Amino acid sequence: MSELQTRLLSAHEKDDRKGLIAFYTEAADQSNDMIERSFFLTHAFVFALEAGDMRAPLLHDRLREMGRI
């Protein structure tokens, strides 16, 4: 298991929304696969919306640029 996967699982266990947003965004940034990148960004976006996090509009823009919204 990668270090990023470990951090993601830990953030889920702790319900660490800020960590989840950061780690899913990081996973998207590391992915070369469009579907995988979309998956990770969508998760980051949903967690940002739920948390009222200021990164939500940026994540939304990234998904829109990819044609996913």
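Summary value for the chain: 25 percent relative contact order, contacts being C-alpha pairs under 8 angstrom separated by 6+ residues. Measuring nothing but protein heavy atoms, the accessible surface of the chain at 1.4 Å probe radius is 56 percent carbon and sulfur. When peptides 40-47, 10-17, 23-30, 58-65 are sorted by average Cβ neighbour count within 10 Å, with the highest value leading, the order is 40-47, 23-30, 58-65, 10-17. Taken per residue, the accessible surface of the chain reaches 65 Å², heavy atoms only and a 1.4 Å probe. Given (i) 49, 25, 20; (ii) 31, 28, 11; (iii) 28, 22, 22 as candidate values of Cα extents along the principal axes in Å, which corresponds to the one derived from the coordinates? Read-out taken from this structure: (ii).
Starting from the Cα of R17, step 7 Å toward the Cβ, then list every residue of the stretch 31-52 with an amide N under 19 Å from that point. The answer is 41-52, whose backbone nitrogens lie closer than 19 Å to the label point.
The values are calculated or read from the model by the stated rules, or taken from the named source; none is laboratory data. Just so we're clear, the structure is a prediction, and the values are computed from it rather than from any experiment. Glycine gets a Cβ as well: all are built from the backbone with ideal geometry, and neighbour counts include every protein chain shown. Note: accessible area is taken over every heavy atom of the protein model, side chains too, but ligands, DNA and RNA are not part of it. Shrake-Rupley method; radii C 1.70, N 1.55, O 1.52, S 1.80 Å.
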